[in-house]
Amino acid sequence: MASPSTTHLGQPSAIPASPEEATLDRVPNPHHGIDYLARFTAPEFTSICPVTGQPDFGILVIDYLPGEWLVESKSLKLYLTSFRNHGAFHEDCTVGIGRKLVELLAPKWFRIGGYWYPRGGIPIDVFWQTGAPPANLWVPDQGVPPYRAR
C-alpha cells in the first residue's frame with residue numbers, strides 16, 4: 001500500500017506534461033467505515049483528438065464511496081489538467097481516468113461520467129462504474145443533461 005504522503009499539497013506544483021508524468025496522491029479517509037459519496041466535477045476537462053489534433057471538451061463527474069483512502073484534490077486537478085495536450089479518444093480518457101483512480105484508492109464503489117461536447121457533430125458520453133452501488137448509499141443524479149447544445 002502506498003504512503004499517504006502527498007507530493008503537491010501545500011507547495012507550488014507545475015502542470016504535468018502528460019497523464020503518464022502526473023502523480024495522483026491519496027490521503028487517509030477520516031471517516032473510514034462510514035458509507036458516504038464523494039463527488040468531483042471537472043466542468044472544463046480538455047484533451048486532444050488523436051486523429052485531428054483538435055481540442056476536445058467535456059464535463060467529467062467522478063463519484064465514489066471511499067474505503068481507506070481519499071484522492072487528494074490538488075493532485076487530481078493537476079492529473080486532469082495533464083490531459084489537455086494528451087491525444088486520446090473520449091472512451092479512453094474517461095475509462096482510463098476511472099481505472100487509475102480505482103487502482104489508487106480501492107474504493108468500495110466508483111463511477112465516472114464523461115459528458116463530451118460533439119466531435120464531428122456527434123456528442124459521445126461515456127460511463128463506467130465498478131458495479132452496483134450499495135443499497136444504503138445516496139447517489140444523486142450526476143446533473144449533466146443529455147446533449148442539447150449544453
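So here's what we get for this one:
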read-out	value
Any chance Gly10 is assigned to a loop (DSSP other than H, G, I, E, B) and exposed (fewer than 11 other Cβ atoms within 10 Å of the Cβ)	yes
Residue under evaluation Val144, criteria (1) closer than 18 Å to Ser18 by Cα; (2) in contact with a strand residue (DSSP E or B) (Cβ under 6 Å, 6 or more places away or on another chain); (3) part of a loop (DSSP other than H, G, I, E, B), criterion not met	(1)
Verdict on Thr94 being closer than 28 Å to Ser13 by Cβ and β-branched (Val, Ile, Thr)	yes
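Each value in this text was obtained by applying a stated rule to the coordinates, not by laboratory testing. Quantities reported herein were computed from a predicted structural model and do not represent experimental measurements. Positions of Cβ are backbone-derived with ideal geometry, glycine not excepted, and every protein chain shown enters the neighbour counts.
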